[in-house]
Amino acid sequence: MLAWLKKWRRWLLWLAALGLLVGWGLTWALDSPPRPALAERDGIEKAAVHVSGMACGLFTEGSGFMVEPGLVLTNAHVLAGVEQITVSAANGESEIGVLVGFDPGRDIAAVQLPTLSTSPGTSLLTSVALAPMVARAADVGDVATVDADDGLAFVPFEVTRRILATGRDFYAQETEGRDVLEIRSLLTAGDSGAALVNADGEVVGMVFAVARGQPDQGYALDRNEIAEFFAEIDRTPLPTPPCRTR
């Protein structure tokens, strides 16, 4: 018996390692948020963008999405201190945008684009609609991110709870409460400003943070906060906001 074990020891170890790997893969697959089949085929494919620029000597980037012809939303912290805002479609084509809305308390900003969405049928970008209802716990969908190198990607998410978030903004100023979605999703820092899209292809939120030490937990601004900000801006060009202080 011992001779047989010695002979097959290496193969037994390989089989054990393979079993652990398969088990880990199944656990990840079963625990990850379910993915709606429709989100990838809706308007977010042509609404999602990559936003970047230099802020006080540092490169900053994030994602965003178009909510109205010529108007893109992203996080305010992505654009803090950026003098020249570059907005790129998922195919890599880009242009310089103009800041027309900036709310550090909500952490949301608006950028006007001159030509990426000029006329129906010929534009590179089209707008995506906000969902008519707020997202609730257990709702699922996709986060539409746009990377400068890899283009458009979809990351599944699940809402774990709705919260009223308070505290300080990235300028260390006290903020009023804002409606936030806590989500379970595998996001990175460069996904800031990405849209949360439900199975109907509608936006239910905007990513603004990933939990420290918990890479599978993120936070998104609720669709009501996005709608209120959208209603407040008048598309007047704004000066470059100060760089982040925290």
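Name the residue that is surrounded by the fewest Cβ atoms within 10 Å (Cβ to Cβ), counting only residues in region 51-84 that are of a type in the set (D, E, K, R) and assigned to a strand (DSSP E or B).
The initial filter retains those residues of region 51-84 that are of a type in the set (D, E, K, R), namely 61, 68, 83.
Those still in the list that are assigned to a strand (DSSP E or B) too: 61, 68.
Numbers: 61: 21, 68: 15.
Only one residue tops the list, namely 68.
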Condition met for residue 200 (among the acidic types (Asp, Glu), more than 28 Å from residue 94 (Cα to Cα) and outside the structural domain of residue 98 (by TED's automatic domain parsing)): no
Region 35-50, subset assigned to a helix (DSSP H, G or I) and not charged (D, E, K, R), residue modelled with the highest pLDDT: 47
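When you scan region 187-198, do you find a residue that is among the polar types (S, T, N, Q) and either in contact (Cβ under 8 Å) with a residue 60 or more places away in the chain or touching an Asp or Glu at 6+ places or on another chain (Cβ under 6 Å) (or both), even just one?
Taking region 187-198 first, the residues among the polar types (S, T, N, Q) are 188, 192, 198.
Imposing the further condition that a residue be either in contact (Cβ under 8 Å) with a residue 60 or more places away in the chain or touching an Asp or Glu at 6+ places or on another chain (Cβ under 6 Å) (or both) reduces the set to 192, 198.
Yes, the conditions are met somewhere in region 187-198.
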Extreme residue, farthest from residue 198 (Cα to Cα), among residues of region 138-157 that are of a type outside the set (A, V, I, L, M, F, W, C), under 14 Å from the mean Cα position of the chain (by Cα) and crowded, with 19+ Cβ neighbours inside 10 Å: 145
Failed criterion for residue 89 (all others in (1) surrounded by fewer than 15 Cβ atoms within 10 Å (Cβ to Cβ); (2) modelled with pLDDT of 90 or more; (3) more than 30 Å from residue 172 (Cα to Cα); (4) in contact with a strand residue (DSSP E or B) (Cβ under 8 Å, 6 or more places away or on another chain) hold): (1)
Qualifying positions in region 46-98 - within 14 Å of the chain's Cα centre (by Cα) and among the charged types (D, E, K, R): 61
Condition broken by residue 95, with the remaining ones in (1) under 24 Å from residue 217 (Cα atoms); (2) charged (D, E, K, R); (3) assigned to a strand (DSSP E or B) satisfied: (1)
Enumeration of residues in region 228-246 that are exposed (fewer than 14 other Cβ atoms within 10 Å of the Cβ), under 19 Å from residue 179 (Cα atoms) and in contact with a strand residue (DSSP E or B) (Cβ under 8 Å, 6 or more places away or on another chain): 232
Residue 201 vs. criteria of a type in the set (Gly, Ala, Ser), at pLDDT below 95 and surrounded by 19 or more Cβ atoms within 10 Å (Cβ to Cβ): yes
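Against the condition crowded, with 20+ Cβ neighbours inside 10 Å, over 17 Å from residue 133 (Cβ atoms) and under 18 Å from the mean Cα position of the chain (by Cα), how does residue 212 come out, does it pass? Even if it seems obvious, please write down each step before you answer.
On the way: crowded, with 20+ Cβ neighbours inside 10 Å: no; over 17 Å from residue 133 (Cβ atoms): yes; under 18 Å from the mean Cα position of the chain (by Cα): yes.
Criteria not met by residue 212.
How about region 135-180: which of its residues are part of a loop (DSSP other than H, G, I, E, B) and in contact with a helix residue (DSSP H, G or I) (Cβ under 6 Å, 6 or more places away or on another chain)?
The answer is 170, and nothing else.
The values are calculated or read from the model by the stated rules, or taken from the named source; none is laboratory data. Predicted model only: the values in this text are computed from it and were never measured. Because the Cβ atoms are built from the backbone with ideal geometry, glycine has one as well, and the counts that use them run over all protein chains shown.
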